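Down below is the structure, laid out as structure tokens.
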Amino acid sequence: MRLVVGSSPRTGSLESLREHNLLRVVDVLLERGVASRADIARRTGLSRTTVSSLVADLIRRGLVCERAGTPERDSGAGAGRPPVLLALDRSVGAVVGLDFGHTHLRVVVADLSHEILAEAEQAMDVDHSAAEGFEAAATLVDAVLAEAGVPRDRVVNVGMGIPGPISHRSGTVGSASILPGWVGVRAAEELERRLGMPVVVENDANLGALGESLFGAGRGAREIVYLKVSSGIGAGVILGGRIHRGAGGTAGEIGHLLVDEGGHVCRCGNRGCLETVAAAPGLLEQISRTHGSSLSIHDVVALAAGGDPGCRRVIADAGQHIGRAVAMLCNLLNPERVVVGGDLSAAGDLLLGPLRAALDRYAIPSAAEDADVRTGLLGERAEVRGAVALAIGEAQPSLMQATGGTAALGSRGGTSA
Ligand SMILES: [Zn+2]
């Protein structure tokens, strides 16, 4: 581990207080990516003078650098003069983010300010075989590291998203029916073995929720439902600012709520799940009768945007079905923000209009009123940005332990948004 803040052997209480405060500054930078001195003061409760002194120390040690640009979040700065932003120096470390969808793999390398340095994507049948997925992942990781000029030993952690339930007790992929080729696979261990790097794993919709909550349409909210509407439909649920996984990692499987008792059999083994009518394969099947079977979901969205009535209709119907399911979720969880991501979210209000109407119709009025429904801002990168945030967040304890600053660890553990 390269990040050594507490390199001083001095152990006086004033020294240890200062080291503790240095770690708090580092902590803010790890979570936010970039922050102004004013942001850091606000988030740590330290005075501006103290923060300036601590930052000067970190800059002198080569751990922190000043960076041009605008903050991803409201910096609290007045209009006019842009604040000077701080970030951890690129030499401190890097992380890799992997996003497995049902039909693609995306890999990025990012610095500890969450900035993506290189990116690669490959279309593949991920559901089919975990081994093939890991093979492709290892190749793409090598490619992005080479492109970014990041040596392997600088990578402090790898975050990986998988489109199925992950049991956090056993670390295995939990559902035989949702990801048939991954049953019983200890995904993190397996990828660690191949990459020779530490790996943390999380459900893909949970990562989308994390990404949007930190850098996208979920900012400022603590009760968030993120929907990934693509080849499947999953929800990432953030309650009180923390990802809610449930007892065995299956929380948020909204795609398998029953919407049509006599409907098609779903890959989960039930009949008439939301996914069968509102995820990409269901939509493509419906539109194939009039438009042929060669369209992709991107084509359907583009045609709908151009006014094609059939494509508009299937998207609107999907929005209505999803809205009914979201209404149930809103009655149960009362989120303040519902963020819609995934491939189908590109349809914008063609999807969200009917979704909102169904939500208003089927949810308790107060629950519907509280739920601010928005399109995700990170698009197809929501999950991989969440994977980067997970990798950085989960690396923090080891980064901090390497510094001896255990006091800063007291409130940590797990991924917070
Ligand atoms: Zn199902």
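Restricting attention to the stretch 78-106, the residues being under 24 Å from Gly196 (Cβ atoms), part of a strand (DSSP E or B) and touching a residue at least 40 places away in the same chain (Cβ under 8 Å) number 9. With respect to the conditions (1) buried (at least 20 other Cβ atoms within 10 Å of the Cβ); (2) away from the ligand (no atom under 16 Å from the Cβ), Ser167 falls short on a single one, namely (1). Only a single criterion out of (1) under 22 Å from Asp127 (Cβ atoms); (2) over 21 Å from the mean Cα position of the chain (by Cα); (3) within 16 Å of the ligand (Cβ to nearest atom) is not satisfied by Ser288, namely (3). For the stretch 249-264, residues that are within 13 Å of the ligand (Cβ to nearest atom) and within 20 Å of the chain's Cα centre (by Cα) total 4.
If you filter the stretch 265-277 down to residues that are over 24 Å from Glu202 (Cβ atoms) and surrounded by 14 or more Cβ atoms within 10 Å (Cβ to Cβ), you find that the one that is farthest from the ligand (Cβ to nearest atom) is Val277.
List every residue pair whose Cβ atoms sit under 6 Å apart, with the two residues 6 or more apart in sequence or on different chains, where the first one lies in the stretch 242-256 and is of a type in the set (Phe, Trp, Tyr) and the second, anywhere, is more than 12 Å from the ligand (Cβ to nearest atom). Correct list of pairs: empty, since none qualify. When Gly234 is tested against (1) at pLDDT below 95; (2) more than 16 Å from the ligand (Cβ to nearest atom); (3) not aromatic (Phe, Trp, Tyr), only condition (2) is not met.
Only residues that are more than 19 Å from His256 (Cβ to Cβ) and in contact with a Lys or Arg (Cβ under 8 Å, 6 or more places away or on another chain) were counted in the stretch 300-351, giving 5.
Those residues that are in contact (Cβ under 8 Å) with a residue 24 or more places away in the chain and either under 21 Å from Leu179 (Cα atoms) or surrounded by fewer than 23 Cβ atoms within 10 Å (Cβ to Cβ) (or both), I need them from the stretch 302-313; list them, please. Across the stretch 302-313, the qualifying residues are Ala305, Arg312. Which numbered condition in (1) outside any loop (DSSP other than H, G, I, E, B); (2) more than 9 Å from the ligand (Cβ to nearest atom) is the only one that Gly246 fails? Every condition holds for Gly246 apart from (1).
Taking the stretch 110-120 as the range and being charged (D, E, K, R) and either touching a helix residue (DSSP H, G or I) at 6+ places or on another chain (Cβ under 8 Å) or buried (at least 21 other Cβ atoms within 10 Å of the Cβ) (or both) as the test, the residues that pass are Asp111, Glu119.
The set of residues in the stretch 111-120 being over 17 Å from Leu191 (Cβ atoms) and touching a Leu at 6+ places or on another chain (Cβ under 7 Å) consists of Asp111, Leu112, Ser113. Residues in the stretch 178-203 that are buried (at least 24 other Cβ atoms within 10 Å of the Cβ) and either outside any helix (DSSP H, G or I) or not assigned by TED's automatic domain parsing to the domain that holds His114 (or both): Ile178, Leu179, Val201, Glu202, Asn203.
The values are calculated or read from the model by the stated rules, or taken from the named source; none is laboratory data. Being a predicted model, the structure only gives us computed values, none of them experimental. Neighbour counts are summed over all protein chains in view; Cβ atoms, including those assigned to glycine, are modelled from backbone coordinates with ideal geometry.
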